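> Got a structure for you, questions after.
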Amino acid sequence: MVHSGYAGVHRLIVNFFTAKSNRIRRSRSTILTENHPVTIESFIPEDGSAHPAVIALHGSGGIREGWAEQPASLLASQGFAVFVLHYFERTGTVWASDGTIRQHFPVWMKTVSDAITHVAADPQVDGRRVALLGFSLGGYLAVSVATQDRRVKAVVEYFGGLPEELSRDLVAMPPVLILHGDRDSVVPVAEAHQLASRLKTAGTEHDVKIYPHAGHGFGGLDLLDAGQRTLSFLRKHLNGQEPAT
């Protein structure tokens with residue numbers, strides 16, 4: 001019997017290497033948010049069609065060189081237009097402490113919403129199908145923006161959560177995929193459980209995967225499994241494709 005983790009790895013490899021052989025156009029541009037320039041990197045399949053879009057949001061450490069190149073290219077190879085938003089540029093932030101996050105969080109939310117406007121207007125994007133993908137602080141931002149901006153059709157959050165101020169008034173939001181390690185010492189796994197509980201109360205569709213023994217960030221089989229879950233979730237909620245059984 002094949003171990004479920006290795007089966008997930010096998011599916012991921014098959015999916016990635018049987019992707020359409022479209023070339024991926026990578027570019028960098030600037031958007032204006034409240035008259036402040038912010039960089040956005042794009043990874044878009046060159047097949048002449050309008051694609052569902054995924055806006056990726058980094059964590060409190062900011063964007064390191066090459067941070068998103070491989071995962072964004074892989075996701076783009078599956079037919080998604082991927083946009084990596086340098087939202088720290090809006091506030092001149094390099095690394096976000098707790099105080100910095102409390103101070104700038106609303107501004108970053110506005111920056112993400114402005115990015116959605118920019119992305120949805122791109123002729124290579126189907127503006128009716130936009131998702132947010134966030135890591136840690138970016139996961140908090142992705143979920144938070146989705147509670148306010150109805151243009152967001154799906155959210156994938158890695159080891160993030162939802163601020164209590166927004167959680168209290170949560171009524172409805174798009175489907176959410178929650179991915180978290182049960183030994184996360186930066187964002188406790190309780191944040192994932194609390195988010196799932198609030199989504200259940202609000203009647204919001206959501207999937208949860210808690211990785212045993214994983215900390216703040218995934219590696220090995222956990223990372224590959226999370227990638228497969230992300231791909232399946234986005235296909236389902238942006239493309240209407242049910243996961244293969």
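> Arranged by the count of other C-beta atoms within 10 angstrom, fewest first, what order do Val186, Val155 take?
Ordered by Cβ neighbours within 10 Å, fewest first: Val186, Val155.
> Of the DSSP beta bridges with both residues in the chain, give the percent that are antiparallel, rounding to the nearest 5.
Details: 15 of 42 bridges.
Percentage antiparallel, nearest 5: 35.
> Hey, can you grab everything whose amide H is under 5 Å from the amide H of Gly160? Only 5+ residues off in sequence or another chain; H modelled, so Pro and N-termini drop out.
Ser136, Leu179
> Have a look at Arg25, Arg64, Arg235 and tell me which one the Gaussian network model of the chain (Cα, springs below 10 Å) gives the largest fluctuation.
Largest GNM mean-square fluctuation: Arg64.
> Of the listed peptides 224-234, 117-127, 74-84, what is their order by residue-averaged count of other C-beta atoms within 10 Å, with the highest listed first? Can you show the working numbers first?
Numbers: 224-234: 20.7, 117-127: 15.7, 74-84: 23.1.
Packing order, densest peptide first, comes out as 74-84, 224-234, 117-127.
> Extension gain Val208-Lys110, at 0.36 nm per residue separation less the Cα-Cα distance, in nm?
32.6 nm is the gain from fully extending Val208 to Lys110.
> Specify which residue in the list Leu166, Leu133, Gly61 is farthest towards the positive end of the charge dipole of the chain, using unit charges on the beta carbon of Lys, Arg (+1) and Asp, Glu (-1), about the Cα centre.
After comparing all options, I get Leu133.
> Taking just the C-alpha trace of the chain, give me its Rg and Dmax in Å.
For the chain, the Cα radius of gyration and maximum Cα-Cα distance read 17.0, 58 Å.
> What 222 nm value per residue comes from the helices of the chain, counting each DSSP H run with n ≥ 4 as -39,500 (n - 2.57) and dividing by all residues, nearest 500 deg cm²/dmol?
The helix-only estimate for the chain comes to -12500 deg cm²/dmol at 222 nm.
> If each of Asn239 and Ser29 carries a label point 7 Å out from its Cα toward its Cβ, how far apart are those two points in nm?
Distance between label points: 2.4 nm.
> Note down the magnitude of the dipole of the chain about its Cα centre, charges +1 on Lys and Arg C-beta and -1 on Asp and Glu C-beta and zero elsewhere, to the nearest 20 debye. Don't skip to the answer; put the middle values down first.
Working: 23 positive and 24 negative charges, 95 e Å.
Using Cβ point charges on Lys, Arg, Asp and Glu, the chain gives about 460 debye.
> Roughly what would the spin-label model give for Thr117 and Ala190, points 7 Å off Cα along C-beta, in nm?
Placing both labels 7 Å beyond Cα along the Cβ direction yields 3.9 nm.
Computed from the coordinates by the stated procedures, all read-outs in this text should not be read as laboratory data. Quantities reported herein were computed from a predicted structural model and do not represent experimental measurements. Neighbour counts are summed over all protein chains in view; Cβ atoms, including those assigned to glycine, are modelled from backbone coordinates with ideal geometry.
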